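Engineer: Quick one: the structure is below, questions incoming.
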Amino acid sequence: MILCLLYEERHALACRTKIEGRCDMDRWMKKNYDFKSRRGILRWFLTCLTLFWMVFIFMMSSAGKDESNSQSGAVCEFICEHFVEGYEEMAPEEQIQMQQKISFPVRKCAHLSEYAVLGALMTLTAASWRREDEETMRTRETPGGTVRILPVLAAGFLYAVSDEIHQTFVPGRSGEPRDVLIDTSGVLIGICLVRFHFSLRERRKRKHPRTLPEV
């Protein structure tokens, strides 16, 4: 009789635990995957935005040599016209030489900027999908401080490698190990900017905590 009671109690406890766990999972799924919830909308928006930016980088890398040179040439011409003193008075040959002189740093800065944006988006996306633990099914309040650097940096590095490999199949383009290093540095800059932003916000919250109004 006692054994039967113990068995029934244990069975009831197991069923209750299973039901509670299923309810917690249902609540978490509804909160994080439902498009109607604020967190779900934010997560899917960041995910789509990150994928869109990756496609944008892929399309920029798909441009041939002539198209790429035309794009960078237009940027160099704009910079020279607005920031180089006496550019308008130069001879056409000198203007071309000036544009060619700044072409290399402009192209590398473009690489760095593209991947800095990618690093920031990947950090925000990874942080928005991370949950604190399986028991509470809750994420932390400061997403920029919860995500680890190395997984995001590794993902950015792998994408940079794949991007350089992709360029080897584009006519007139080539894959450079140096560009992988520049792109990965851009990813790291984006990660650090996001983490710095959230650390400042968290510090501001601690310094000026919100207090409930007295009733």
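Engineer: Taking the stretch 71-93 only, how many residues are among the acidic types (Asp, Glu) and closer than 27 Å to Arg173 by Cα?
Structural biologist: Filtering the stretch 71-93 down to residues among the acidic types (Asp, Glu) leaves 77, 81, 85, 88-89, 93.
Subset that is closer than 27 Å to Arg173 by Cα: 77, 93.
Residues that pass the stated criteria total 2.
Engineer: Take the stretch 49-91 and flag every residue that is aliphatic (A, V, I, L, M), without any contact (Cβ under 8 Å) to a residue 40 or more places away in the chain and either surrounded by 13 or more Cβ atoms within 10 Å (Cβ to Cβ) or not in a helix (DSSP H, G or I) (or both). Let's see the steps before the verdict.
Structural biologist: First pass over the stretch 49-91, keeping only residues aliphatic (A, V, I, L, M): 49, 51, 54-55, 57, 59-60, 63, 74-75, 79, 84, 90-91.
Next, only the ones that are without any contact (Cβ under 8 Å) to a residue 40 or more places away in the chain stay: 51, 55, 59, 74-75, 79, 84, 90-91.
Residues satisfying the conditions are Val75, Ile79, Val84, Met90, Ala91.
Engineer: Select from the stretch 135-167 the residues that are at pLDDT below 50 and over 12 Å from the mean Cα position of the chain (by Cα) and list them in ascending order.
Structural biologist: Hits for the stretch 135-167 are Glu135, Thr136, Met137, Arg138, Thr139, Arg140, Glu141, Thr142, Pro143, Gly145, Thr146.
Engineer: Can you find a residue that is part of a loop (DSSP other than H, G, I, E, B), modelled with pLDDT under 55 and loosely packed, with under 11 Cβ neighbours inside 10 Å anywhere in the stretch 1-18?
Structural biologist: For the stretch 1-18, residues part of a loop (DSSP other than H, G, I, E, B), modelled with pLDDT under 55 and loosely packed, with under 11 Cβ neighbours inside 10 Å: present.
Engineer: Here's a follow-up. Do you know which residues across the stretch 50-95 are within 27 Å of the chain's Cα centre (by Cα) and of a type in the set (Gly, Ala, Ser)?
Structural biologist: Ser61, Ser62, Ala63, Gly64, Ser68, Ser72
Engineer: When you scan the stretch 169-177, do you find a residue that is acidic (Asp, Glu), surrounded by 15 or more Cβ atoms within 10 Å (Cβ to Cβ) and out of contact with any strand residue (DSSP E or B) (no Cβ under 7 Å at 6 or more places or on another chain), even just one?
Structural biologist: No, there is no match, as no residue in the stretch 169-177 is acidic (Asp, Glu), surrounded by 15 or more Cβ atoms within 10 Å (Cβ to Cβ) and out of contact with any strand residue (DSSP E or B) (no Cβ under 7 Å at 6 or more places or on another chain).
The values are calculated or read from the model by the stated rules, or taken from the named source; none is laboratory data. All of these numbers come straight from a predicted model, not from anything done at the bench. Methodologically, a virtual Cβ is constructed for each residue, glycine included, from the backbone with ideal geometry; neighbour enumeration extends over all protein chains shown.
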